[in-house]
Amino acid sequence: MTGTSLTTARALPADAKALQEPTTVTLRPRFEGSNICTWIGFKHVDYLVEEAVLEHLRRNGWAAGRLYEEYGLCVDLVDIDAAILAATHIDDTVTARVHVPAQDTADGEITLAVTLHTDAPTPVKTATATVRVALRHDPRGGAAAPLPEPVLPYTTALVDRAARVRPTALPTVPATAADGPELLRALTAGANAHGWSRRVPYYHCHFTERLQMSGYLRMMEAAVDRFLDDRGISIKRLLDEQDWIPVVPRNSVSMLAEVRMEERIHTVLTVENVFKRLTYTARMDCYVLRGGVPVHTATGRITHGYAHIESRRDWNLVSFDDRMLDALNGRRP
């Protein structure tokens, strides 16, 4: 089967003012995200934010599919910073409100603020997030219509955002380090960190070949899981022994550079701060090795507390015990 040739494109809104109009959309969390009892994990809360952003663009004439098929523009969520204020459950109806924040700087990316509420039995604000969107031009796929004026301020030929984000000091890596365990040891040396490497699979990518935001969120979730297991406090172990589960009040990811399908990506999770016996914050950094040089492709942070399961619906926050504190601070038994 062949696609139809591109001749004319429908006009986009005359300017970007349409994006200033708030959007309210009703969503449901995905069943996959209900990992502990009926609570929705942080990754799937972020997915609700993503869906709300896509619907906001869609309703204002900037639908992701249309932008790609007609103009060769990829809608890329390149930055997300989310605060989770209350639990979302699998059967909740979620109302999302999307608007342009007052502090938007219009600096080449679309900035949107998202607020999530659950609706029953009374409205509860469950999350807030700020998202940044770039329109990345894709030369694949053949002919495309000329780019209309409204999209030009947000269009880029390459996602290259390292200058936008306060840099993390790059570890010293031997020039002879191969794309494997030696590189990972160099990336984690001298830090309270755990690292792992994997080949980027196609199902973490979008627009044919590039790693997308949801892929980074999956890696962040996996990095935490691996870190806790490495420290002897795996999620299953604490669940079995103490009925404890991790909860996430805040998470963020910023893309710095593009990653392509089947590249080998190295993810490092570093504990930055343990606040009393209540929460810890870890930084995720991702790298690919190109031309013998590690390229920093993303950075993010995630904050965890722990909760004791009280019933099938309720939990209570708990203080870290000595075993947890020792493990988080890198003191192994």
Flag if residue 165 is surrounded by fewer than 17 Cβ atoms within 10 Å (Cβ to Cβ), among the aliphatic types (A, V, I, L, M), touching a strand residue (DSSP E or B) at 6+ places or on another chain (Cβ under 8 Å) and under 22 Å from residue 250 (Cβ atoms): yes
Got at least one residue in the range 287-298 being in contact with a strand residue (DSSP E or B) (Cβ under 7 Å, 6 or more places away or on another chain), in contact (Cβ under 8 Å) with a residue 24 or more places away in the chain and over 20 Å from residue 184 (Cβ atoms)? no
Using beta carbons and a limit of 7 Å, which pairs, at least six apart or on different chains, have the first residue in the range 238-250 and over 18 Å from residue 322 (Cβ atoms) and in contact (Cβ under 8 Å) with a residue 40 or more places away in the chain and the second one outside any strand (DSSP E or B) and among the aromatic types (Phe, Trp, Tyr)? 248/42
Cross-chain or 6+ apart pairs with Cβ under 7 Å, the range 118-129 first and free of Cβ contacts under 8 Å to residues at least 40 places away in the same chain and under 12 Å from residue 87 (Cα atoms), then outside any loop (DSSP other than H, G, I, E, B) and among the polar types (S, T, N, Q): 118/126; 124/118
Inside the range 197-238, can you point out the residues that are buried (at least 18 other Cβ atoms within 10 Å of the Cβ), farther than 19 Å from residue 290 by Cβ and either hydrophobic (A, V, I, L, M, F, W, C) or outside the structural domain of residue 259 (by TED's automatic domain parsing) (or both)? 213, 217, 220, 223, 224, 227, 228, 233, 238
Please find, among 301, 277, the residue that is of a type outside the set (Val, Ile, Thr) and either part of a loop (DSSP other than H, G, I, E, B) or touching a helix residue (DSSP H, G or I) at 6+ places or on another chain (Cβ under 7 Å) (or both). 277
Please count how many residues of the range 100-127 are crowded, with 16+ Cβ neighbours inside 10 Å and closer than 24 Å to residue 301 by Cα. 13
In the range 297-316, what residues are at pLDDT 95 or above and either hydrophobic (A, V, I, L, M, F, W, C) or farther than 21 Å from residue 233 by Cβ (or both)? 297, 298, 299, 300, 302, 307
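The values are calculated or read from the model by the stated rules, or taken from the named source; none is laboratory data. Since the model is a prediction, treat every value here as computed from it, not as a measurement. Using ideal geometry, Cβ is built from the backbone for each residue, glycine included, and neighbour counts are taken over all protein chains shown.
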